[in-house]
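Read through the structure below, which is laid out as structure tokens, and then see the notes.
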Amino acid sequence: MRKVWPGLLLLFFGTAAHANPMWHANGKRLVDGSGTSVHIRGVNLGNWLLWEGWMFGGNYTASESVIYGKLNEVLGPEKAAEFRARYYDAYITEADIAAIANAGFNTIRLPINARLLTGDGAGFRYIDRLLGWAGAHGLHVILDLHAVPGGQSNTHPADPPPGGAMLWKDEADQAQLVAIWSALAARYRNSETVAGYDLINEPDAPDAATLLDIYQRLIAAIRAVDPQHIIWLEGNKLGAVLKIFTAPMGENIGYSSHIYIYFGDYRAVQLRGASALSARLNAPVWVGEFGEDNADTTATTVAMMDKTDGVIG
């Protein structure tokens, strides 16, 4: 009988026990459960679970709370609530998800208003439904908390209260944010369709230390229930400032930037910063949002990203 050393048994079984079936970080790469590199080709489902006035048409930049307030004035509370429920059911359907897959994308980023994940938690039902559709069509979904309790900036996508962003100075809002991410991670920890957690969209914290402290609290809450999904962290000042990340924030962490300004060499500067961050922290970086111009510029931006070391989609 061949002798098998206990140490080898421990190595083999330990490796199997710690294999991660989710998309996860492997150095600068994003890999799937088999260790194959993944290059994100994604689309945001904007204006579904987080409303932005300009996406309804024209140059209307109101936040969701303002829009819904006007609906209440015009329709009354009952009809406004009925409109919202019908809108959530109709705006994104399985046909849309099939079309995204057929167009060659592999990822959906889902912007979510935290308001949908409190109270009756209606947002969880829509996320569940989307994950079912996405899994059936071979897509992965990044959960993006696009508007957090109290608002993370004074811009309309953050849906801040009338007095402006409160997250950075309100302990109750911060505690609610931690609770929401803990609930999301607990609910979706076993979902291989989920491609990670984008903790705060376009944060505008007063300083780096404030943002990094909240990130650490959120990471700890998520890791208490979900050790496997990648966590995505955006730079400060609406995702643009990546130099705040001077050291890794933990294991299986990726980073994200947004690119919306196309004059001069802004795109190249942002991508150089993303590549430098990837090299500095030995971690994957991706561009979670870009566009708002024309098809030719979009194509050249994609080409630039494809050539940038450390940028994985």
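Scanning region 282-301 for residues that are among the β-branched types (Val, Ile, Thr) and open to solvent by 40 Å² or more (accessible area, probe 1.4 Å) returns Thr298, Thr300.
Looking only at residues of region 231-241 that are in contact (Cβ under 8 Å) with a residue 40 or more places away in the chain and crowded, with 23+ Cβ neighbours inside 10 Å, we find that the one that is nearest to His140 (Cα to Cα) is Trp232. Modelled with pLDDT of 95 or more, surrounded by fewer than 22 Cβ atoms within 10 Å (Cβ to Cβ) and not aromatic (Phe, Trp, Tyr), is that true of Ala186? Judged against the criteria, Ala186 is a match.
Does region 73-93 contain at least one residue that is open to solvent by less than 30 Å² (accessible area, probe 1.4 Å), of a type in the set (Gly, Ala, Ser) and on the phi > 0 side of the Ramachandran plot? Checked region 73-93: at least one residue is open to solvent by less than 30 Å² (accessible area, probe 1.4 Å), of a type in the set (Gly, Ala, Ser) and on the phi > 0 side of the Ramachandran plot. Hey, does region 212-226 have a residue that's buried (at least 22 other Cβ atoms within 10 Å of the Cβ), of a type in the set (Asp, Glu) and in a strand (DSSP E or B)? Scanning region 212-226 turns up no residue that is buried (at least 22 other Cβ atoms within 10 Å of the Cβ), of a type in the set (Asp, Glu) and in a strand (DSSP E or B). Selection of first residues in region 281-308 that are among the aromatic types (Phe, Trp, Tyr) and of second residues that are open to solvent by less than 70 Å² (accessible area, probe 1.4 Å) and in a helix (DSSP H, G or I), restricted to Cβ pairs under 7 Å at least 6 apart or on distinct chains, gives the following pairs, ordered by first then second residue: Phe290/Thr301. The single condition among (1) over 25 Å from Arg41 (Cβ atoms); (2) touching a helix residue (DSSP H, G or I) at 6+ places or on another chain (Cβ under 9 Å); (3) part of a helix (DSSP H, G or I) that Lys243 does not meet is (3).
When the residues of region 266-281 are filtered to those that are modelled with pLDDT of 95 or more and either in contact with a Lys or Arg (Cβ under 6 Å, 6 or more places away or on another chain) or hydroxyl-bearing (Ser, Thr, Tyr) (or both), the one that is least open to solvent (accessible area, probe 1.4 Å) is Ser278.
Scanning region 124-172 for residues that are in contact with a Pro (Cβ under 9 Å, 6 or more places away or on another chain) and at positive phi returns Gly150, Gly151. Being under 25 Å from Leu50 (Cβ atoms) and not aliphatic (A, V, I, L, M): is that true of Ser275 here? Answer is no for this residue.
Within region 192-199, is there a residue that is free of Cβ contacts under 8 Å to residues at least 60 places away in the same chain, open to solvent by 60 Å² or more (accessible area, probe 1.4 Å) and among the hydroxyl-bearing types (Ser, Thr, Tyr)?
Within region 192-199, not a single residue is free of Cβ contacts under 8 Å to residues at least 60 places away in the same chain, open to solvent by 60 Å² or more (accessible area, probe 1.4 Å) and among the hydroxyl-bearing types (Ser, Thr, Tyr).
The values are calculated or read from the model by the stated rules, or taken from the named source; none is laboratory data. Everything numeric here is computed off the predicted structure, so don't read it as measured data. All Cβ positions, glycine included, derive from the backbone under ideal geometry; neighbour counts span all protein chains shown. With ligands, DNA and RNA removed, areas are computed over all heavy atoms of the protein, side chains included. Shrake-Rupley method; radii C 1.70, N 1.55, O 1.52, S 1.80 Å.
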